[in-house]
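Enquirer: Structure provided below as structure tokens; questions to follow.
Laboratory data are not the source of any read-out in this text; all were calculated from the coordinates shown. The structure displayed is predicted, hence computed values, not measured ones. Because the Cβ atoms are built from the backbone with ideal geometry, glycine has one as well, and the counts that use them run over all protein chains shown.
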Amino acid sequence: MSYAELSITSNFTFLTGASHPEEYMARAAELGLEAAAITDTNSFAGIVRAHVAAQKGGTRFIVGVRLRFADNSSVIALPTDRKAYGRLCRLLTAGKMRTKKGQCTLFPDDLTEWGEGSVLIVDGLAPPPEIFLKSWKTRFPDHLYWALAPLYDGRDKEHFAKSAAEGARLDLPLVATGDVLMHMAGRRMMADLLSCMR
């Protein structure tokens, strides 16, 4: 069975990701992953480094971004073509122009306007209000999914069952993600330090 990791946070998400984009892609090649997506929060900043590393390692690179909304809910957006990538870039530009430098303020309605052509994976740990999920299901009927990601707290079996039931209730297909924050266990101390600073 092949696996593609669709939720990787690099050090381009300040105080969160503990590894560089190129380290993730090298590790993905070592593990024999079919593909991997760098999905930094409200930024495409790490995709060039990841793309170059993926070409060297032979792992398929998927362009992506985690859209974090003002209510702290989030959606992973994976553009399927250049036009969809352009729309997401315009969405991010609009969000950055609403606030001070270094920040980005997005709202779920922004995705309704700019999400066409992207595969959208709703963060099951921090989903947007259900009214937007229903709206997106209508607008993007074949491109909306529910992320099933571990909490890494020793109770994942119970968490997976609950999250899968919520996805089924919303009639959204499930997608397994790892919500990756580091490329190797040796970066755990760095990840913990970043969490404390954040």
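Enquirer: Using helices alone, I'd like the mean residue ellipticity at 222 nm for the chain: each DSSP H run of four-plus residues gives -39500 (n - 2.57), total over residue count, nearest 500.
Expert: After summing the helix terms and dividing by residue count, I get -12000 deg cm²/dmol.
Enquirer: Now a separate question. Quick one: dipole size for the range 109-198, taken about the Cα centre, charges +1 on Lys/Arg Cβ and -1 on Asp/Glu Cβ, in debye to the nearest 20.
Expert: Roughly 320 debye, rounded to the nearest 20.
Enquirer: Measuring from label point to label point, each 7 Å out along Cα→Cβ, what is the Leu125 to Tyr3 span in nm?
Expert: The two pseudo-label positions are separated by 1.6 nm.
Enquirer: Suppose we take every Cα in the chain and form the convex hull; what volume per residue is that in Å³?
Expert: Roughly 125 Å³ of hull volume per residue.
Enquirer: Moving on to the next point. Straight distance only, please: which aspartates and glutamates reach the Cα of Lys96 with their own Cα at less than 18 Å, same-chain residues fewer than 8 apart left out?
Expert: Asp40, Asp71, Asp109, Asp110, Glu113
Enquirer: Sticking with this one: So, in Å, what gap is there between the alpha-carbon centers of the range 74-100 and the range 138-198?
Expert: 22
Enquirer: Additional query: Place a point 7 Å from Cα of Thr80 in the direction of its Cβ. Which residues in the range 105-139 have their backbone N less than 11 Å from it?
Expert: The answer is 116-120.
Enquirer: Same structure, new question: So for the pair Ala165, Arg90, with labels modelled 7 Å out along Cα→Cβ, what separation do we get in nm?
Expert: Roughly 4.2 nm, to one decimal.
Enquirer: Could you rank the peptides 152-161, 84-93 by their average count of other C-beta atoms within 10 Å per residue, with the highest value first? The partial results should precede the final answer.
Expert: Values: 152-161: 11.7, 84-93: 17.6.
The peptides rank, most packed first, as 84-93, 152-161.
Enquirer: I'm a student and want to see the number: the projected area of the Cα convex hull of the range 1-103, averaged over all directions, in nm².
Expert: Average of the hull's projected areas for the range 1-103 equals 6.9 nm².
Enquirer: While we're looking at this one, here's another question. Could you give log10 I(q)/I(0) at q = 0.25, 0.26 Å⁻¹ for the range 9-49, computed by the Debye formula over C-alpha point scatterers of equal weight, without solvent?
Expert: For the requested q values the scattering log ratios are -0.80, -0.85.
Enquirer: Grab the alpha carbons of the range 41-146, take their convex hull, and tell me the volume per residue in Å³.
Expert: Dividing the Cα hull volume of the range 41-146 by its residue count gives 105 Å³.
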